Every structure is written in structure tokens, then in C-alpha cells.
Amino acid sequence: MRVEEQKETRVEAEKTLRAIVENIGQVIVGKETVIRNLVLALATGRHVLVEDVPGVGKTTLIKSLARSLDLSFRRIQFTPDLLPADITGTSVLDPETSGFRFRPGPVFHHVILADEINRASPKTQSSLLECMEEGQVTIDGITHQLPRPFLVMATQNPIEYEGTFPLPEAQLDRFALSVEMGYPNDTEEREMLVRIDSQSPLDALAPVAGAGDVEQFRPAVESIYASELIMDYIIEINRATREHPHIYLGASPRASLVLLALSKALALYEGSGYVLPDHVKEMAQPVLRHRLILTPEARWEDHTPEEIVRTILRRTTSPGSSEVVGS
């Protein structure tokens with residue numbers, strides 16, 4: 001792809017990404033950064049974990065994204081009695097042929113809302129591992145490809161809540177980033193009440209992008225330049241998580257790949273052709289915090305992954321912007 005074509009692709013991708021963010025903003029009040037991060041994950045074709053207490057709009061946020069895209073959508077309510085076959089599908093006896101045929105599960109859609117994912121058992125949660133990593137499902141030794149694009153947007157309640165199971169480390173690592181909704185302030189909550197007084201804005205939301213647009217995001221992201229200094233900076237940050245005394249399990253190599261990809265996506269969204277250290281710093285928290293498993297001592301002392309990531313970013317020397325651009 002020529003330089004002119006790359007630039008044109010980036011400009012179109014940036015416009016579409018901003019249109020999606022603006023569209024979702026018609027429903028979700030005052031959560032611009034949360035919405036943007038969700039859309040950046042979409043741009044890189046990666047999955048998102050939305051964590052927070054019930055009632056703050058997690059499900060509505062993901063439904064708004066699905067409505068903004070002309071893609072197939074399915075909501076799966078995770079419960080303790082949900083089985084893996086209820087998600088991926090199963091082989092059933094066909095009376096006409098006297099043989100077995102595959103009946104696809106609800107996972108065979110473009111956008112999957114895994115609602116309250118941590119209310120299901122770890123065995124059921126793990127049924128998404130192959131889906132999220134390889135975009136396929138294997139049943140009875142036969143592999144079935146999932147539609148492209150394929151995105152899992154999962155909501156999770158705090159693990160202290162009754163009836164929840166912690167997500168396995170392998171599952172957590174497959175989510176590119178985690179976002180937290182948080183409570184709205186008084187002004188935002190008042191605006192929310194005004195918007196839904198007569199009709200939910202979600203009902204009137206129209207698509208602003210389709211499968212073709214989503215497929216074009218990834219080459220646009222990949223065309224963003226990241227210098228070796230930026231890559232070294234990402235490596236240093238992730239190595240620090242593996243060596244930190246309060247962390248039992250640090251960031252994986254997959255986390256480095258995700259942090260680079262999302263830093264590129266943020267640069268694209270901001271209209272830059274290259275990644276700056278500030279892009280890495282801004283994406284480090286949502287990319288890393290859900291991946292870090294603290295030691296029991298750190299939990300007893302009330303340390304948090306967010307606090308540790310902030311400390312690591314302060315202590316890790318970042319390259320200067322002029323060095324990054326000029327290298």
C-alpha cells in the first residue's frame with residue numbers, strides 16, 4: 001500500500017471511529033474515555049471486559065456498540081447452571097440422515113455480549129477460550145469457523161458479590177483491556193433521566209458502520225508507525241510488572257502485543273501517524289490492570305493493580321517525543 005493510500009485509509013478509519021463514539025454517546029452520558037477505549041478495542045479486533053457494580057450501564061454500553069454496527073449480535077446471560085454446549089453448540093441427531101449434525105450455539109454471531117460472565121462456572125467460562133483466541137469452535141473433533149469480525153464484550157460484577165466466580169488467568173489475558181463505568185456525577189445522572197424520560201435513546205440508535213468498515217480498521221491501525229524506542233518502552237513496563245514484589249503474576253507477552261496495538265489505535269484515533277509515549281501511558285492502565293494477580297500480602301495491605309501500574313509508569317523512563325519521531 002502506497003503512502004498516499006495508507007494516509008487516506010487512516011483518515012477514513014479515524015472518521016468512522018469518531019462517528020461510532022459519537023453515536024454511542026447519544027445513549028451513554030459522560031463516559032467519553034470508556035466509550036473511546038471500547039471502540040479502540042474494536043479497531044484492533046480484540047475483546048473487552050467491562051467491570052463494575054450492577055446498574056451503572058455496562059450492558060447498555062455494549063448494546064449501544066452493537067446497535068452502532070451493522071453486525072449480528074447476541075446476548076448470552078451467564079448463570080451458574082449454564083453449560084459450555086449452551087454457548088458453543090452441540091451435535092444433535094438428525095432423524096432424516098440418522099447421523100449427527102452440528103447445531104451452532106449463540107456464539108456464532110459477530111458481537112457477543114457475555115453478560116455477567118463471572119456468574120458462570122470456570123468450566124463454562126473456559127468455553128470461550130478457543131473462540132476468543134482463534135475465532136473458531138471445535139466440537140467432536142471438527143472445527144467450525146466463527147464469523148468475522150468476531151468480538152466478545154463481557155460484563156463482570158465485583159468478585160466479592162455473592163454468586164460470582166473469579167475468571168481464570170487464561171481467560172483474563174484474552175481480554176485486550178478492561179474498562180470501568182463508575183457512577184455518574186449529578187449533572188450526568190440528571191441528563192440520563194432527561195434522555196430516557198419518554199423513550200430510551202437505545203431504541204432509536206441507528207448503525208453508522210458495518211462489517212466492511214470494521215475489517216478496514218486493522219490495516220489502518222497496523223500502518224501507524226511505532227519506533228523501536230516505543231517497543232522498548234512497552235517491554236520495560238511489562239517487565240516491571242513481572243519483577244514487582246507485590247505482583248504474583250505479571251503481564252504476559254500477549255499484553256505487550258495488545259499494548260502496542262492499542263497504542264497504535266489511540267494514535268490513529270487522535271490523527272497521528274506514529275505512536276508517542278503518551279499513547280502508551282494512557283493505554284497501559286486498561287490493558288494491564290485486569291491481568292495483574294497480586295500476592296496475598298499485597299491484597300492484605302490493600303494494594304491495587306491500578307496503584308501499582310501508576311507507580312511503574314512513574315518509575316519507567318519514557319523516550320522523548322522528538323526521539324520517537326526522529327528515530
- Task: Arrange the following residues from fewest to most other Cβ atoms within 10 Å of their Cβ: 134, 96.
- Result: 96, 134
- Query: What is the gain in length, in nm to one decimal, between residue 194 and residue 143 on full extension, counting 0.36 nm per residue of separation less the C-alpha to C-alpha distance?
  - Reply: 13.5 nm
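What FRET efficiency do you get for residue 90 and residue 170 if R0 is 25 Å and r is their Cβ-Cβ distance, rounded to the nearest 0.05?
Step by step, r from the Cβ atoms, then E = 0.60.
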- Task: Could I have the simple spin-label model distance between residue 11 and residue 203, label points 7 Å from Cα toward Cβ, reported in nm to one decimal?
- Result: 4.1 nm
- Item | 5 angstrom amide H check on residue 209, placed H, neighbours 5+ away | 70
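Could you order the peptides 189-195, 177-183 from most to least packed, using the average number of other C-beta atoms within 10 Å per residue? Intermediate values should be presented prior to the final figure.
Working: 189-195: 13.1, 177-183: 18.7.
Top to bottom by mean Cβ count within 10 Å: 177-183, 189-195.
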- Note on the structure: To the nearest 20 debye, the chain has a Cα-centred charge dipole, built from +1 on Lys and Arg Cβ and -1 on Asp and Glu Cβ, of 360 debye
- Note on the structure: Taking the dipole of region 177-327 about the Cα centre (Lys, Arg +1; Asp, Glu -1; charges at Cβ), the one of 319, 184, 290 that reaches farthest to the positive side is 319
- Item | Reachable aspartates and glutamates, given that their alpha-carbon falls under 20 Å from the alpha-carbon of residue 15 and they are not under 8 places away in the same chain | 4, 5, 32, 70, 213, 215, 222, 270
- Message: Projecting each Cα onto the charge dipole of region 146-281 (Lys/Arg +1, Asp/Glu -1 at the beta carbon, about the Cα centre), which of 209, 226, 193 comes out farthest on the positive side?
- Response: 226
- Least to most buried among 281, 15, 58 (fewest other Cβ within 10 Å first): 15, 281, 58
- Using the charge dipole of the chain (Lys, Arg: +1 at Cβ; Asp, Glu: -1 at Cβ; taken about the Cα centre), state which of 102, 49, 33 has its Cα farthest towards the positive end. 102
- Spin-label pair residue 300/residue 53, simplified geometry with 7 Å Cα→Cβ offset, distance in nm: 2.8 nm
- In deg cm²/dmol, rounded to the nearest 500, the helical mean residue ellipticity at 222 nm of the chain, built from -39500 (n - 2.57) for every DSSP H run of length 4 or more, is -14000 deg cm²/dmol
- Note on the structure: Whole-Hz Karplus couplings 3J(HN,Hα) for region 16-30, θ = phi - 60° and coefficients 6.51, -1.76, 1.60, Gly and Pro as x, run 5, 4, 5, 5, 5, 4, 5, 5, 5, x, 6, 9, 9, 9, x
- Which entries in 7/264; 7/281; 63/264 show an alpha-carbon gap greater than 18 Å? 7/281; 63/264
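FYI, it's all coordinate maths here, none of it is from the lab. What you are looking at is a predicted structure, and each value in this text was computed from that prediction instead of being measured. Positions of Cβ are generated from backbone atoms using ideal geometry, with glycine treated the same way; all protein chains shown enter the neighbour counts.
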